[in-house]
Amino acid sequence: MRNKFFFFIIILTLGLGIIGAWYYQSNIYSKEILKLEILGPDKANLLEEIEYIVKYKNNGNTRLEEPKLIFEYPKYSIVSEEKPTRQEIELEDIYPGEEKTVRFKGRLLGKEGESKTAKAWLAYQPKNLSARFEADTTFTTVINQVPLTFEFDLPSKIESGKDFSLRLNYFSNIDYPVSSLRCQIEYPSEFEFIQSTPRSLDKTEWEIGLLNKAEGGRIEVLGKAKGGLGEQKIFRAKLGSWQGGDFILLKEASKGIEIVQPSLHILQQINNNPQYIASPGDSLHYEIFFKNTGKEILNNLFLINKLEGRIFDFNSIKSEQGGFKPGDNSIVFEWQKVPELQFLLPQEEGKVEFWVNLKSENGFSGPQDKNPVIKNKVYISQAQEEFTNRVSSRLEISQKGYFQDTIFGNSGPIPPQVGESTTYTISWQVKNYYNNVRNVKIKAVLPQQVSLTGRIFPEDQSSKFAFDSISREIVWEVGDLTAGQGVLSSSPNIAFQIAFTPSASQIGQAPDLISQAQVSGEDSWTEQILRTTSPAVNTTLPDDSTVSAEQGVVQ
């Protein structure tokens, strides 16, 4: 019995040894039979196109069958032709000594200094073996540079509880478009958000969208911060891209400001209004008030106004005491000409003033002209203040009358004859410039001898066209207009036919066919009601070259 037991132990030990040897040989075989590596750049710029070369070689004497390669790009990579970031490729059999490569192109997304790792696996089955083996490898590339400018522009010192503006400028110098961009700002404690341009998503986040090379922009936030004298307030911001529900950080910025005690208080009025809403073509009277709020006498001061805004007509600037410098569009007041700047006692106040016009015709070339503002940055001693005023949009209405036209084909005598009806076409066209405008409508009045025929073009505007037979007022409900509509895009327009039957009392006259047309709407940027008019049209039809002035006189 004891001999049988020992014999069993010997057989078991030999079996386990054979199995262990086979397992060991299999592992040695799987690791040495195939060499797999990834070649690529050690460093790359953000979104620079790079190429990974997956290289494999059969170092054994056996053909490797049914090989499958899996390549996984670094997380958040952008792959051309909308290919997946994890790709599986069925390869041809790999013969002994054979070496081949597979190439993968992509672009890396991440912040400067971040390591991005690509991975590869190659599974195969040696000929005459049923087991499958796998080789794997990785390769790491560091994002060397992020060619994005992202920085704060804000004052180094502010007064506690006083409004100030902080700006965040961004610019791309990347050859490839950066998409789904967003900016996030982290405010210090006791900061109060008032408003921003453009509007934020939730006071701390802004959607930038797509940014091509040499494109940029600015986020401007108006707010106030409270704190003790000398306290430092740190603002932080992140610029990133949303990919697959994740925010990928690309760039960070931070800057601090110090809470200081004011010694000068600055106020501004335009046309006697501290909150003036400007309009194109306005004549502006600026008054800058300054007060010594400290305990020391201030003397020999300079006060500088720096104007910003494309709509300013800088050639119109006038000031009795200040001098205009066209290089930086500044108006400088010197203590030699302003007594209060030469000697300002504690709690004493002074004032300077100047005049400037706004252009009535400034054009609209694109989104950069939307929601315009005019700014005045005032500097005096160590104090500075920035004043921003919004500018309303401008509506234009064109009212024209025709006898000869291709829309309705008018009829009747020209010149108009007493007791006989002549039909005419009246066209309205409206343009909107700088801001979105809501509830736009056009109104005009028909004289007693004029009636509507009911013909309107385009016909889909009929539901927006109304006539009050008592007041004889026509109203066209245009609706909402976007900034630049009618300037960079097609203008909303309507044409309608009228009939005029002159009376005997109108012989020898050129009566009005329609009164002046007035367009009105609510400016979404300034909340102002905008109005403008187009002249009345009479029977001389100044816009119809086929009708002379004499042919417009009633016979």
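The values are calculated or read from the model by the stated rules, or taken from the named source; none is laboratory data. Here the structure is a predicted model, which is why all the values come from computation and not from measurement. Cβ: placed from backbone, ideal geometry, glycine included. Neighbour counts: every protein chain shown.
List of remarks:
- Residue that is surrounded by the most Cβ atoms within 10 Å (Cβ to Cβ), among those in segment 525-543 that are among the aliphatic types (A, V, I, L, M) and assigned to a strand (DSSP E or B): Val537
- Look at (1) buried (at least 19 other Cβ atoms within 10 Å of the Cβ); (2) under 30 Å from Pro367 (Cβ atoms) and you find that Lys441 fails only one, number (1).
- In segment 407-444, the residues that are within 24 Å of Pro280 (Cα to Cα), touching a Pro at 6+ places or on another chain (Cβ under 6 Å) and modelled with pLDDT of 95 or more: Val430
- Contact annotation: residue pairs with Cβ atoms under 9 Å, 6 or more positions apart or on different chains, pairing a residue in segment 311-329 that is on the phi > 0 side of the Ramachandran plot with a partner that is assigned to a strand (DSSP E or B) and surrounded by 15 or more Cβ atoms within 10 Å (Cβ to Cβ), are Asn329/Lys306; Asn329/Leu307; Asn329/Phe312; Asn329/Ile317.
- Filter pass, Ile507 being exposed (fewer than 15 other Cβ atoms within 10 Å of the Cβ), within 27 Å of the chain's Cα centre (by Cα) and modelled with pLDDT of 95 or more: no
- Evaluating Gly245 against the criteria (1) in contact with a Ser or Thr (Cβ under 9 Å, 6 or more places away or on another chain); (2) free of Cβ contacts under 8 Å to residues at least 40 places away in the same chain; (3) loosely packed, with under 14 Cβ neighbours inside 10 Å leaves one unmet condition, (1).
- Residues of segment 434-454 that are in contact with a strand residue (DSSP E or B) (Cβ under 8 Å, 6 or more places away or on another chain) and either basic (Lys, Arg) or not in a strand (DSSP E or B) (or both): Tyr434, Asn435, Asn436, Arg438, Lys441, Lys443, Leu446, Pro447, Gln449.
- Filter result for the condition that a residue is under 32 Å from the mean Cα position of the chain (by Cα), in a strand (DSSP E or B), under 30 Å from Gln195 (Cα atoms) and at pLDDT 95 or above, over Glu477, Glu522: Glu522
- Residue among Gln382, Gln404, Gln347, Gln368 that alone is free of Cβ contacts under 8 Å to residues at least 40 places away in the same chain, outside the structural domain of Val221 (by TED's automatic domain parsing) and out of contact with any strand residue (DSSP E or B) (no Cβ under 6 Å at 6 or more places or on another chain): Gln368
- Candidate set from segment 122-135 (those that are in contact with a Ser or Thr (Cβ under 8 Å, 6 or more places away or on another chain) and part of a strand (DSSP E or B)); member that is surrounded by the fewest Cβ atoms within 10 Å (Cβ to Cβ): Glu134
- Every residue from segment 494-504 that is among the polar types (S, T, N, Q) and either part of a strand (DSSP E or B) or under 37 Å from the mean Cα position of the chain (by Cα) (or both): Gln497
- When the residues of segment 136-163 are filtered to those that are among the aliphatic types (A, V, I, L, M) and within 29 Å of the chain's Cα centre (by Cα), the one that is surrounded by the fewest Cβ atoms within 10 Å (Cβ to Cβ) is Leu154.
- Selection count where residues are over 30 Å from Ile288 (Cβ atoms) and in a loop (DSSP other than H, G, I, E, B), scope segment 382-414: 12
- For segment 296-381, the strands (runs of 3 or more DSSP E) that sit wholly inside it and include 1 or more residues that are at pLDDT 95 or above and β-branched (Val, Ile, Thr) are 303-308, 312-318, 330-333, 349-358, 373-380.
- Members of segment 201-215 that are surrounded by 15 or more Cβ atoms within 10 Å (Cβ to Cβ) and assigned to a strand (DSSP E or B): Trp206, Ile208, Leu211
- Of the listed requirements (1) more than 20 Å from Ala44 (Cα to Cα); (2) of a type outside the set (D, E, K, R); (3) in contact (Cβ under 8 Å) with a residue 24 or more places away in the chain; (4) in contact with a Phe, Trp or Tyr (Cβ under 6 Å, 6 or more places away or on another chain), Ala131 misses just one: (4).
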